[in-house]
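The values are calculated or read from the model by the stated rules, or taken from the named source; none is laboratory data. Because the structure is a prediction, the values reported are computed rather than measured. For neighbour counting, all protein chains shown are included, and Cβ atoms are generated from backbone atoms with ideal geometry for every residue, glycine included. Each accessible area value is taken on the protein alone, full model and side chains, heavy atoms only, with ligands, DNA and RNA left out. Shrake-Rupley method; radii C 1.70, N 1.55, O 1.52, S 1.80 Å.
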Amino acid sequence: MNRLLAIAAVALLASGCASAPQDDTWADERDPFEQVNREVWDFNEELDDAVIRPAAKAYSHVPKPMRKGLSNAVENLDEVSSLVNNALQGKVVDAGVSFWRFTINSTVGVLGIFDVATEMGIERREEGFGEVLASYGVADGPYLMLPGLGPTVVVDRGGDVVDGMYFPLDNLSGPTSVARWMIKGLEARIQLMDLEPMLEESLDPYSFVKESYFQRWQDKVYDGNPPAQSEEEELDDDFYDQF
C-alpha cells in the first residue's frame, strides 16, 4: 500500500530520488519514529506484493463502466464532508460547488453512479478535516507509516476520523464502509501501476516517499499555493535534487 500512496505523491510532485544518510546528524525532526516507520514500510511492501497488487490486477479486469460507476458512487459520498470542510474555512463558493455536486449526482446521477455534475462543468472541491485543522494552525504532528495505509501525519489521519462522522458516511454499515475503502484503494492502485518504476529507481524509497508526502500534504493544505520556502528548506530540496 506504501507504493500506491507513495507513487501518487511522486506523480503529482516529481520531487526527485532521495537518499537518507543514517548518521544522526541528518535526523529528520518530522520523523521521530523513523526506525519503527521503516519496519512498517517493509511490512507494507510485503503486503502490497502478496495481496494488494494482485487484488488490484484482478479488479482491473472488471468492465470499466462498472468500475467507473462504483468509483463515482464512492466519491459522491465524500461530497458532504467536503461541503462542511470548505465552509469551515470560509470557502463559500467551494462549499456551494460540493452541495450542488452531491445534489445533482445523488438524484440525476442515480446515487452518484453517474458523475453528471462533472459533465456539466462542476468540478470537485475535495477538502478533508485535516486540512481544516492545518489551515487554523494545528501542527502536523509526527510523520507515521501506518500498516496497510502508508504515509501520513497525525492531523491528516485524525481528520479522516472526523470526516467519517459526517452524513452519509456515518450511516454506512460496516461491510459497506469496508467496500467503500476497498474500491477507492484498488482503483488508485490500478492507476498507479505504470508509475512503479519511478519509485523503484530511487536510492532510498522510504525517504523519497516521505519527502513526496510532505510536499503533497502542503499542496493540499494551501490549495496548490504553498508559502515560499525558507533558505534552509531550499537547501534541503537541493540535497534531494542531487539524486
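Some notes on this structure:
- In a DSSP loop and with at most 15 other Cβ atoms within 10 Å, there are no chymotrypsin sites (Phe, Trp or Tyr not before Pro) in segment 42-102.
- Accessible surface of segment 52-132, 1.4 Å probe, proportion on carbon and sulfur as whole %: 69
- Size descriptor, Kirkwood hydrodynamic radius, that averages inverse alpha-carbon separations across segment 98-230, Å: 17.3
- Nonlocal amide H pairs with LEU146, under 5 Å, H built at 1.01 Å: THR152
- Cα gyration tensor category, rounded, prolate or oblate, for segment 36-188 with a/c compared to 1.5: oblate
- Segment 168-217: GluC sites (Glu not before Pro) falling in loop per DSSP and having at most 14 other Cβ within 10 Å: GLU201
- Directionally averaged projected area (convex hull, Cα atoms, segment 143-214), nm²: 5.8
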